[in-house]
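Trainee: First the structure, then my questions, so here it is.
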Amino acid sequence: MARKCIRDSPGDSTLTWGRDTDEHNAAEQLKVFWEAGGTLVDTADVYGDGEAEYLLGRLMDGLVPRRDLVISTKAGSVPDPDRRFDGSRGHLLAALDDSLARLGTDHVDLWHLHAFDPHTPLEETLQALDLAVSSGRARYAGVSNFCGWQLAKAATWQLAAPGVRTRIASTQMEYSLLQRGVEREVLPAALDLGVGLLPSSPLGRGVLTGKYRNATPSDSRGASEHLAPFVAPYLDETASSIVDAVQTAADGLATTPLQVALAWVRDRPGVAAPIVGARNAQQLAAALSVETLSLPDEICRALDDVSAPVHRYPDHDWSTL
């Protein structure tokens, strides 16, 4: 019997738009995504230094109707080596206005705080979400890259005044067979508080596709000046054994490692929709085809075992250790 599937289509990330992905390739991706029935497009004010939002806005103006897309963007990251995140109310609301101008729309469907700012009182940061939603500039609000206690604190604070404060709808976090850290505290908190998880890098920064098993392809992100350091942490021996297991599963199911890895994360408890950062339209189409795949229970268990993170105290009863 196959594990029950959530069947939510992957979302499309614009991480490289306006830098490594030009307008022609971005248009091809968006068209393929839209024609396949995809809706969630993920971006951020810092992607391409704002060019990703600007490019998405241009494409919505002439290629894909705005009403057919769920636009998610993020704010809070700043180009300051001494303070990477600014969660102040003033910065966040100004950043949202700038995002709306670049996108050419009067609202975003989902607005995320890009990260936790330890230098700003959390209640001030969260008030920016309340103001964004109450003013109509954002329909829903979420957080990104918050650890377990940060997510729990933020979501609980918002729930403490229903009807006044905006409920945290989602959390965007890296999650894949190569990175299961969210299972320690973030995912349990999200499940308990009714917050949907949007996994980013669900293909382990591309490594789970198997493309790096023998060498680094010259046209891959692992060979890119900007993204090679992003891929490098997942090219170690531990990752290699997981990639081999995914390849074995794919061979047995007559499918691809990409589909196996994406189906695994799609069907994890609490996952709303994986966010896929495809390099071209062909890769995106391959990711979207995962909707037809259900992983058998024995395959899921094998992948769970080979990629299992070490979680002991206090995640398990101390008396069993």
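Trainee: Give just the number: which of (1) modelled with pLDDT of 95 or more; (2) of a type outside the set (Lys, Arg); (3) within 30 Å of Thr156 (Cβ to Cβ) does Asp80 not satisfy?
Mentor: Evaluating Asp80 over (1) modelled with pLDDT of 95 or more; (2) of a type outside the set (Lys, Arg); (3) within 30 Å of Thr156 (Cβ to Cβ) leaves (1) as the failure.
Trainee: Any residue in the stretch 279-301 that is farther than 30 Å from Asp22 by Cα sitting within a Cβ distance under 6 Å of a residue that is assigned to a helix (DSSP H, G or I) and open to solvent by less than 50 Å² (accessible area, probe 1.4 Å)? List the pairs, counting only those 6 or more apart or interchain.
Mentor: Leu293/Gln259; Leu293/Ala263; Leu295/Ala263; Ile299/Ala249
Trainee: Would you mind stating whether Leu63 is on the phi < 0 side of the Ramachandran plot and either among the small types (Gly, Ala, Ser) or open to solvent by less than 20 Å² (accessible area, probe 1.4 Å) (or both)?
Mentor: no
Trainee: Further, regarding this structure: Take the residues in the stretch 194-234 that are surrounded by 18 or more Cβ atoms within 10 Å (Cβ to Cβ) and of a type in the set (A, V, I, L, M); name whichever of them is nearest to Gln283 (Cα to Cα).
Mentor: Leu203
Trainee: What are the residues in the stretch 67-90 that are part of a helix (DSSP H, G or I) and over 21 Å from the mean Cα position of the chain (by Cα), if any?
Mentor: Arg67, Arg89, Gly90, listed by residue number.
Trainee: When you look at Leu15, is it surrounded by 14 or more Cβ atoms within 10 Å (Cβ to Cβ) and part of a helix (DSSP H, G or I), yes or no?
Mentor: no
Trainee: Residues being free of Cβ contacts under 8 Å to residues at least 60 places away in the same chain, open to solvent by 10 Å² or more (accessible area, probe 1.4 Å) and either within 11 Å of Leu295 (Cα to Cα) or assigned to a helix (DSSP H, G or I) (or both): count how many of those fall in the stretch 256-270.
Mentor: Looking only at that region, the number is 3.
Trainee: Spot the failing condition for Ser319; the list is (1) closer than 30 Å to Val195 by Cβ; (2) at pLDDT below 95; (3) not in a loop (DSSP other than H, G, I, E, B), and only one is missed.
Mentor: If we test Ser319 against (1) closer than 30 Å to Val195 by Cβ; (2) at pLDDT below 95; (3) not in a loop (DSSP other than H, G, I, E, B), just (1) comes out false.
Trainee: Sticking with this one: Name the one entry in Leu92, Leu100 that is modelled with pLDDT of 95 or more, under 23 Å from Lys31 (Cα atoms) and not polar (S, T, N, Q).
Mentor: Residue meeting the stated conditions: Leu100.
Trainee: Follow-up question, since we're still on this one. Which of (1) assigned to a helix (DSSP H, G or I); (2) over 20 Å from the mean Cα position of the chain (by Cα) is the odd one out, the single condition His311 does not satisfy?
Mentor: (1)
Trainee: Ok, one more. Determine whether the stretch 185-192 contains at least one residue that is touching a strand residue (DSSP E or B) at 6+ places or on another chain (Cβ under 7 Å), within 28 Å of Thr120 (Cβ to Cβ) and assigned to a loop (DSSP other than H, G, I, E, B).
Mentor: Within the stretch 185-192, none of the residues are touching a strand residue (DSSP E or B) at 6+ places or on another chain (Cβ under 7 Å), within 28 Å of Thr120 (Cβ to Cβ) and assigned to a loop (DSSP other than H, G, I, E, B).
Trainee: Taking the stretch 18-60 as the region of interest, how many residues are part of a helix (DSSP H, G or I) and open to solvent by 60 Å² or more (accessible area, probe 1.4 Å)?
Mentor: Selection size over the stretch 18-60: 10.
The values are calculated or read from the model by the stated rules, or taken from the named source; none is laboratory data. Every value quoted in this text rests on a predicted model; they were computed, and no experiment measured them. Backbone-built Cβ (ideal geometry, glycine too); neighbour counts: all protein chains shown. Heads up: the accessible areas ignore ligands, DNA and RNA and are worked out on the full protein's heavy atoms, side chains in. Shrake-Rupley method; radii C 1.70, N 1.55, O 1.52, S 1.80 Å.
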